[in-house]
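Chemist: Here it is, the structure, as structure tokens.
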Amino acid sequence: MAEDSTLVVPSGRACTVCKIWKPIQHFWISKRDGVLGRCKECTKSYQREYDRKNKEKINARQKARVSKAWVARGAKPKMPTVETPEGRLCSKCGERKPRSEFTPHSGCAGGLSRRCKTCAQKQHAEWREKNAEHVRKKGRETRENIYWRDPQAARLREKRLRFNLTAEQLSEMMVAQGARCLVCKNEFVNSFSNNAKPCIDHCHKSKKIRGILCNACNTALGMLKDNPDIADAAAAYLRKHAP
């Protein structure tokens, strides 16, 4: 009878590098003995150190691999950019320009891009105009990913940019108010879908910031059209019909 070749994975083991016992989720699975000896953290540290020490070798290997792939596709190998003390030759317009006219690029000879800044900007503008719908779609996806990753932080960041506030200024305002709404005096709750979340209140005419209110009070002021007379009339009405 053939032996059962089912791979048995233990519940955990000690890392051969840091010598700390960790659950199996901290190790990569190996087809030979079920799990690798080094934990993921130690393996990543080793890989980073290796990449740092062998950066030039890795870059040269990558360049050779990319060049070979392009040649296999039928493309002609790119000629090295001619560079002299007088400047660098742009591969697009063919003009010789100073090194300051080229952007840094670690993958190109001399550490500078083959195209000058003017040609690169022109080509990027043409590509964006030609692929406008794709650019808008990617922009929307990026904004949505950033927003839903942390909605509260995204909203506060948007408010700071809108009202030209720094994070320190916003923090000082919050501390000065005791992290409470200036109207209802309730404590703020950092929740995206909660009426107690902080909102920056401002005058819609002068654009001047008045303070930080909870979402409910800020919405109420907007519904009252920011008019003190209407607010006083509403207060008198509530007092008159109070139980």
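The values are calculated or read from the model by the stated rules, or taken from the named source; none is laboratory data. What you are looking at is a predicted structure, and each value in this text was computed from that prediction instead of being measured. Cβ coordinates were reconstructed from backbone atoms using ideal geometry, including for glycine residues, and neighbour counts include every protein chain displayed.
Chemist: I'm checking my understanding of the structure. Among residues of the range 199-221 that are loosely packed, with under 15 Cβ neighbours inside 10 Å and among the polar types (S, T, N, Q), which one is farthest from ASN186 (Cα to Cα)?
Modeler: Top of the filtered list is SER206.
Chemist: For the subset of the range 109-137 comprising residues that are more than 27 Å from GLU56 (Cβ to Cβ) and of a type in the set (S, T, N, Q), which member is surrounded by the most Cβ atoms within 10 Å (Cβ to Cβ)?
Modeler: THR118
Chemist: While we're on this one: May I ask you to say which residue of ARG160, ARG155 is assigned by TED's automatic domain parsing to the domain that holds ALA196, in a helix (DSSP H, G or I), at pLDDT below 75 and touching a Cys at 6+ places or on another chain (Cβ under 9 Å)?
Modeler: ARG155
Chemist: Working only within the range 200-243, note down all residues that are of a type outside the set (D, E, K, R), within 15 Å of LEU182 (Cβ to Cβ) and not in a helix (DSSP H, G or I).
Modeler: ILE200, HIS202, CYS203, ILE209, GLY211, ILE212, LEU213, CYS214
Chemist: Is at least one residue of the range 91-105 in contact with a strand residue (DSSP E or B) (Cβ under 8 Å, 6 or more places away or on another chain), under 21 Å from SER67 (Cβ atoms), surrounded by 15 or more Cβ atoms within 10 Å (Cβ to Cβ) and acidic (Asp, Glu)?
Modeler: no
Chemist: Would you point out the residue of the range 115-141, among those that are touching a Cys at 6+ places or on another chain (Cβ under 7 Å) and modelled with pLDDT of 90 or more, that is nearest to LEU89 (Cα to Cα)? Talk me through it step by step, then tell me what you get.
Modeler: If we filter the range 115-141 for residues that are touching a Cys at 6+ places or on another chain (Cβ under 7 Å), which is where we start, we get 115-116, 119.
From what's left, modelled with pLDDT of 90 or more: 116, 119.
Working: CYS116: 8, CYS119: 12 Å.
The selected residue is CYS116.
Chemist: Just to check your reading of the model, which residue among LEU224, LEU238 is without any contact (Cβ under 8 Å) to a residue 24 or more places away in the chain and surrounded by 12 or more Cβ atoms within 10 Å (Cβ to Cβ)? Show your work before the answer.
Modeler: Working: LEU238 fails: surrounded by 12 or more Cβ atoms within 10 Å (Cβ to Cβ).
After applying the criteria, what remains is LEU224.
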